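The values are calculated or read from the model by the stated rules, or taken from the named source; none is laboratory data. Keep in mind that what you see is a predicted model, and the values were worked out from it rather than measured. Using ideal geometry, Cβ is built from the backbone for each residue, glycine included, and neighbour counts are taken over all protein chains shown. Remember, those area values only see protein heavy atoms, side chains included, never the ligands or the DNA or RNA. Shrake-Rupley method; radii C 1.70, N 1.55, O 1.52, S 1.80 Å.
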Amino acid sequence: MAVREALVDLDRARPGVGERLTGALREAIAGRRIPPGTRLPSSRDLAADLGVSRGLVVSAYEQLVAEGRLVSRRGSGTVVAPEAAEAADHGHPPPAPAPAGVAPLRPGVPDLGMFPRAAWRRAYERALSSALDTDLDYTDPAGVPRLRAELASYLGRVRAARVGADAVVVTTGAAQALSLLGRVLAARGMVEVGVEDPGSAGIRDHLRAHGLRLRPVPVDDRGLVVSALGGVRAVFVTPAHQFPVGAVLAPDRRAELIAWARRTGGLVIEDDYDAEFRYDREPVGCLQGLAPDVVAFVGSASKALAPGLRRGWLVPPPAWLAAVRQAKCDADMGGSALEQLAFAELLASGGYDRHLRRARRAQRTRRDALVEALRRHLPQVRVSGIAAGLHLVAELPAGVDDRALAARARAAGLGPLALSDLRLGTTGPPGLVLGYAARSPDELSAAVAALARLL
């Protein structure tokens with residue numbers, strides 16, 4: 001059969017076979033080695049022929065259906081779409097692994113091409129068909145009850161959070177969660193907030209925009225230095241995977257931070273940044289599960305699914321819940337009910353978990369490719385922060401101007417961040433923050449080679 005012949009050279013020995021299977025099918029369709037109208041083998045049959053798991057074949061089929069290269073109809077199997085050949089006839093290249101706007105090595109962006117379009121479409125259709133008329137009315141400002149219940153279950157199961165459905169506030173991402181907390185902090189006179197240093201420049205700008213003053217708190221390889229908090233009564237922290245250095249907040253510092261909050265009446269704002277992506281060790285539970293009375297837990301699906309979905313959540317301490325709910329009502333009266341119901345369906349069906357497993361496999365392969373490319377092309381840099389997340393830090397030799405290097409890289413079409421731009425009050429060695437989520441291993445290797453020429 002044409003499909004099996006087209007995939008005869010598929011290398012199944014190396015990691016990342018799922019990406020290569022999708023790419024091989026895509027290229028075979030674009031090059032007419034699998035002609036329009038060809039009926040593909042069932043996922044079970046093709047998996048058996050290739051010696052791979054059925055899940056890899058299902059994921060490849062779903063991705064190519066989402067791209068419009070395949071058509072899948074119940075009872076008719078999966079066939080190559082006529083439109084796929086027309087694109088090849090006009091010289092259109094197959095879609096890139098990531099949109100052209102996502103520069104190689106840019107951190108903070110997932111592989112947008114991996115968004116589970118087929119699973120999301122099914123979830124949305126189920127949500128639409130099962131929604132009651134009353135679900136289309138203005139919803140609870142804190143979010144649709146079903147989504148809040150699914151999120152509470154998910155966070156308890158995966159992140160060891162201690163949360164009931166009534167405590168969850170659905171947001172349009174981590175940014176809105178910080179906006180809500182910023183309003184309540186300002187109203188309570190808690191206008192000085194500790195922030196990790198180095199840390200996210202975007203988070204700092206967002207907090208400042210809400211009238212808050214920032215106090216830089218140093219970070220080392222064990223996370224936030226709690227003893228340096230000074231007189232603040234609120235602190236923003238990324239304990240699961242610190243941005244940018246990648247440290248996990250050490251157990252003794254977790255205990256110290258919780259004790260500080262209880263002693264001072266302070267608030268710990270926990271951004272559960274990159275917690276879904278761990279490669280070399282088991283995930284760590286969230287701080288909120290240890291101290292729900294003093295921790296506001298912030299999370300989103302921006303890195304797991306896509307920033308454009310605008311799905312997030314906030315679990316404030318009980319004493320803060322009423323004020324946060326009121327702030328949410330003032331902000332948008334609850335947001336889109338149908339999209340919330342669709343996300344609830346994705347969680348309930350296991351589609352979110354399946355997508356994360358697939359994404360973790362792909363991202364681990366890309367991380368390994370980036371580390372190997374750095375070793376080969378830039379052996380003088382020190383690489384850190386690789387155990388989790390979607391980025392790493394490449395520490396540069398002393399005397400290198402990381403800001404100037406990052407500017408030259410941007411001019412060359414690359415997207416690294418200068419480590420110096422992420423420092424607020426501390427000093428440290430120059431470095432670059434490099435993302436690997438949005439590009440293929442080959443593209444990452446080529447990007448590092450280009451970066452080495454610039455350096």
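Which value, in Å² rounded to 10, gives the accessible area of E27 with a 1.4 Å probe and all protein chains present?
Accessible area of E27: about 110 Å².
With a 1.4 Å probe and every protein chain left in place, tell me how much accessible area I34 has, in Å² to the nearest 10.
Around 0 Å² of this residue is reachable by solvent.
Ranked highest first by the average count of other Cβ atoms within 10 Å around their residues, in what order do 177-183, 323-329 fall?
Order by mean packing, descending: 177-183, 323-329.
Ignoring ligands, DNA and RNA, what percent of the 1.4 Å accessible area of segment 236-325 is carbon and sulfur?
Exposed carbon and sulfur together represent 57 percent of the surface.
Placing +1 at every Lys and Arg Cβ and -1 at every Asp and Glu Cβ, with all other atoms neutral, what dipole size does segment 189-301 have around its Cα centre, in debye to the nearest 20?
440 debye
As I understand it, the dipole of the chain uses +1 on the Cβ of Lys and Arg and -1 on the Cβ of Asp and Glu, about the Cα centre. Which of V235, L451, L180 lies farthest toward its positive end?
L451
Note down the relative contact order for the chain as a percent, whole number, built from C-alpha pairs under 8 angstrom at least six residues apart.
Reported relative contact order: 19 percent.
Nearest 500 deg cm²/dmol is fine: what mean residue ellipticity at 222 nm does the chain get from its DSSP H runs of n ≥ 4 alone, each adding -39,500 (n - 2.57), divided by its residue count?
-13500 deg cm²/dmol, from helical runs alone.
Give me the percent of accessible area attributable to carbon and sulfur for segment 369-415, probe 1.4 angstrom.
In segment 369-415, the share of accessible area belonging to carbon and sulfur is 54 percent.
With a 1.4 Å probe and all protein chains left in place, how much accessible area per residue does the chain have, in Å²?
Dividing the accessible area of the chain by its residue count gives 42 Å².
Principal axis lengths of segment 242-343 from Cα atoms, whole Å, largest first?
Principal axes ranked by extent give 43, 36, 20 Å for the Cα atoms.
What is the percent carbon and sulfur in the accessible area of segment 102-165, measuring with a 1.4 Å probe over the protein chains and ignoring ligands?
On segment 102-165, the fraction of accessible area on carbon and sulfur atoms equals 54 percent.
Relative contact order for segment 251-370: what is it in percent, counting Cα pairs under 8 Å that are at least 6 residues apart?
19 percent
Relative to the Cα centre, what is the charge dipole magnitude of segment 327-378, using +1 at the beta carbon of each Lys and Arg, -1 at the beta carbon of each Asp and Glu, and rounding to the nearest 20 debye?
Around 680 debye, computed over segment 327-378.
What percent of all Cα-Cα pairs in segment 312-400 falls in each 5 Å bin, counting up from 0?
Bin by bin from 0 Å, the calculated values are 3, 10, 12, 12, 11, 11, 11, 11, 9, 8, 3.
For the chain, what is the largest minus smallest coordinate of the Cα atoms on each principal axis, given in angstrom and ordered from greatest to least?
For the chain, the Cα spread along each principal axis is 71, 63, 35 Å.
Per the Kirkwood formula on distinct C-alpha pairs, the Rh of segment 339-455 is how many angstrom?
15.6 Å
Can you compute the modelled spin-label distance between S384 and V158, with each label point 7 Å from Cα toward Cβ, in nm?
The two pseudo-label positions are separated by 2.9 nm.
Quick one: putting +1 on the C-beta of Lys and Arg, -1 on the C-beta of Asp and Glu, what dipole do you get for the chain around its Cα centre, in Debye to the nearest 20?
440 debye
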